[in-house]
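Could you have a look at this structure, given as structure tokens, before my questions?
Laboratory data are not the source of any read-out in this text; all were calculated from the coordinates shown. No experiment lies behind these values; they were computed from the predicted model shown. Every residue, glycine as well, gets a Cβ built from its backbone with ideal geometry; the counts of neighbours run over all protein chains shown.
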Amino acid sequence: MLMEIHMKRWLLPLMCLPMVAMAGKYTATADIVSVQPVYTTKLIKEPYQECYTKEYRVPAQSGDGSATNELIGGVIGGAIGNQFGGGSGKDAMTIMGALIGGSVANDMEKQEQPGRIERREVCETFYRTREEEVLDYYRVRFSYDGHEFTYRTQTRPQGETVQVEVDVRLR
């Protein structure tokens, strides 16, 4: 019985030894079966500008910068207002005539200068869209040890073979 326990202790590790020796990685050569370029459709947006001339009305400045017209209008309006009323009403009519005369002169000065027209170039950006077929990747099929495999790559493989890494493991 002691001999039997001793044998079992050594027998199991000896049976696993050939399986451990089989595990590992190595590089091998595989034959390329096909290489297919795969394209995708991309949407391309291209900007462009359209320019045109637009007219703008620029209002004139308010008056000529002096108060001469308003003062003259006030004097004339005061003189006319002074012709109406009597007593203290005459003073009120003179003041009212002066105010109205100055206001009318200011309004007439603004009407004389309608402003000017300026032309400016205006540009607007628009986009043209188009579809374009672009290379996305290569689909490579290769054969190794009687089996076919597929992988993707950004560069086309050169030659008729590829190097593969073989990983052997126990199940």
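With point charges of +1 on the Cβ of Lys and Arg and -1 on the Cβ of Asp and Glu, referenced to the Cα centre of the stretch 113-163, which listed residue (F126, G146, P157) lies farthest in the positive direction of the dipole?
Of the listed residues, the answer is F126.
With r as the distance between the Cβ atoms of N106 and A79 and R0 = 25 Å, compute the FRET efficiency 1/(1 + (r/R0)^6) and round to 0.05.
That gives a FRET efficiency of 0.90.
Can you tell me how much longer the chain between E133 and T29 gets when fully stretched, taken as 0.36 nm per residue apart minus their C-alpha distance, in nm with one decimal?
34.1 nm
Order 50-58, 137-145, 149-157 from most to least packed using the mean count of other Cβ atoms within 10 Å.
137-145, 149-157, 50-58
Along the Cα→Cβ direction, 7 angstrom out, place labels at E118 and E165. What is the inter-label distance in nm?
Going by the 7 Å Cα→Cβ label model, 6.9 nm.
Highest mean first, how do 160-168, 67-75, 116-124 rank when packing is the count of other Cβ atoms within 10 Å averaged over residues?
So the peptides 160-168, 67-75, 116-124, ranked by packing, come out 67-75, 160-168, 116-124.
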